[in-house]
Ligand SMILES: Cc1ncc(C[n+]2csc(CCOP(=O)(O)OP(=O)(O)O)c2C)c(N)n1
Ligand SMILES: [Mg+2]
């Protein structure tokens, strides 16, 4: 039996639980990578979470700017490159870099610290372009993507060495080519921003219930310049936050896709970063998978602002079912008995109150703005706040009176 004197409690420094590896890449491989990059006609950089962990975003920017290189990111937890940078061409929208609208004629790809976790049969970096893989996670290298240059390294050190090697190879001619490429990429990224800015002209902009894009936009207008956004808001597109790892807004995306993580993650992030505003964006379906940490927020006085995108549905799975089985019985009969969560309705503000967290239901942009004001006031008092925002359902095959099988007990 243990006695009272046999136990101790200690706090271990974070640096000892998440140590930097401080591995430098092989210099011969660095030279090969540098040569490939300076000779490339259209190089592309994929960024990833090892940049966030090593705080190396400034070095990634430097490398991209030296070469006039387009930058993208495959699915990760964090946003590892400033989204407003002219060389940023957006996130990979499909399972491979081929899905990018621009650039199309890529001949060299460099990965800097992205896990590149495959969820389909096609390699994320297709066969064809030469591939340089810079990361510490050597286990994931060279097993799916054909790899020309493996650079096993702490990415901050790897970027330092690569930048130095490229600086030694740059000529006036190469600098001129890099500048021309930068202009071409900038033209694309500027064009791509135009439709994004027109989002406010959507004819449904002022609708009640809100369209998800309006809700996201309003929260983005409201968020602090260095807010941390926890994103578990299902099918809603993330936009308008302009994430920036260099002291701007930060993202924690639910990378694993396991629902119910958002509220707990937010509580943990707020404990770790008490000085930054923490906003949790969560779908109604996701929220009910794991609201428990609301209680911890109430108990520990963690001023997190939770926004529930309440479309009264598992909208994503519903649309996938209908599109994967368009001739199925539900479509044939018009009787959709899955994915509707609105009958009986769930009031997320009432659920929050049950955990000791104040909140309210909003239906319109006007109500939302007032509610965000109250959320900010709650934060000032050190209290969490939840907004249950009524959001329109998207996609086909919805009916507000979905069919339920007759069950009597
Ligand atoms: C633990 C777990 N169970 C089930 C799923 C499958 N799943 C993926 S999305 C989803 C519905 C999410 O609903 P909501 O958060 O309301 O977002 P919406 O699709 O309505 O935008 C479900 C059930 C999952 N990802 N994780
Ligand atoms: Mg939903």
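Odds and ends about this structure:
- Distance between the modelled labels on residue 183 and residue 98, one decimal in nanometres: 3.2 nm (7 Å Cα→Cβ projection).
- Under the simplified labelling scheme, the residue 172-residue 337 pair shows an inter-label distance of 7.8 nm, with each label point 7 Å from Cα along Cα→Cβ.
- Rg over Rh, two decimals, the stretch 5-119 (C-alpha only, Kirkwood Rh): 1.10
- The mean sequence separation of alpha-carbon pairs under 8 Å and at least six residues apart, normalised by the residue count of the chain, gives a relative contact order of 14 percent.
- When Rg and Dmax are taken over the Cα atoms of the stretch 261-409, they come to 17.6, 54 Å.
- The ellipsoid equivalent to the alpha-carbon distribution of the stretch 306-384 has semi-axes of 35, 13, 10 angstrom, derived from the gyration tensor eigenvalues as √(5λ) and listed largest first.
- Over the stretch 118-259, the Kirkwood radius and the radius of gyration, each from Cα atoms, give a ratio Rg/Rh of 1.04.
- Protection-proxy order for peptides 144-150, 214-220, each taking the mean of Cβ atoms within 10 Å per residue, highest first: 214-220, 144-150
- For residue 289 and residue 140, a Förster radius of 45 Å and the Cβ-Cβ distance give a FRET efficiency of 0.95, rounded to the nearest 0.05.
- Over all projection directions, the Cα-based convex hull of the stretch 282-350 averages an area of 5.4 nm².
- Label-to-label distance, nm, for residues given as residue 13 and residue 299 (7 Å Cα→Cβ offset): 3.0
- Neighbour counts of C-beta atoms inside 10 Å place 287, 253 in the sequence 253, 287, starting with the fewest.
- Computing Rg and the Kirkwood Rh from the Cα coordinates of the stretch 181-288 gives a ratio, Rg/Rh, of 1.01.
- Treating each Cα of the stretch 186-228 as one equal point scatterer and applying the Debye formula with no solvent, the log10 of I(q)/I(0) at q = 0.20, 0.27, 0.32, 0.34 Å⁻¹ comes out as -0.76, -0.94, -1.03, -1.08.
- Tail weight of P(r) past 31 Å, computed on alpha-carbon pairs of the chain, percent: 47
- FRET E, pair residue 324, residue 2, Förster distance 51 Å, beta-carbon r, rounded to 0.05: 0.40
- Were the residues from residue 208 through residue 28 laid out at 0.36 nm apart, the gain over their Cα-Cα distance would be 58.7 nm.
- Cα gyration tensor category, rounded, prolate or oblate, for the stretch 68-153 with a/c compared to 1.5: rounded
- The DSSP beta bridges internal to the stretch 212-390 are antiparallel in roughly 5% of cases.
- Helix 57-67 vs. the chain, principal-axis angle (Cα, 0 to 90°, nearest 10): 50
- Largest-first principal axis extents, alpha carbons of the stretch 150-224, Å: 59, 31, 25
- Computed over the Cα atoms of the stretch 27-193, pair by distinct pair, the Kirkwood hydrodynamic radius stands at 15.6 angstrom.
Throughout, read-outs are computed from the coordinates displayed, never taken from laboratory work. Keep in mind the model is a prediction, meaning the values are calculated, not measured. Counting neighbours? That spans all protein chains shown, and the Cβs are built from the backbone with ideal geometry, glycine included.
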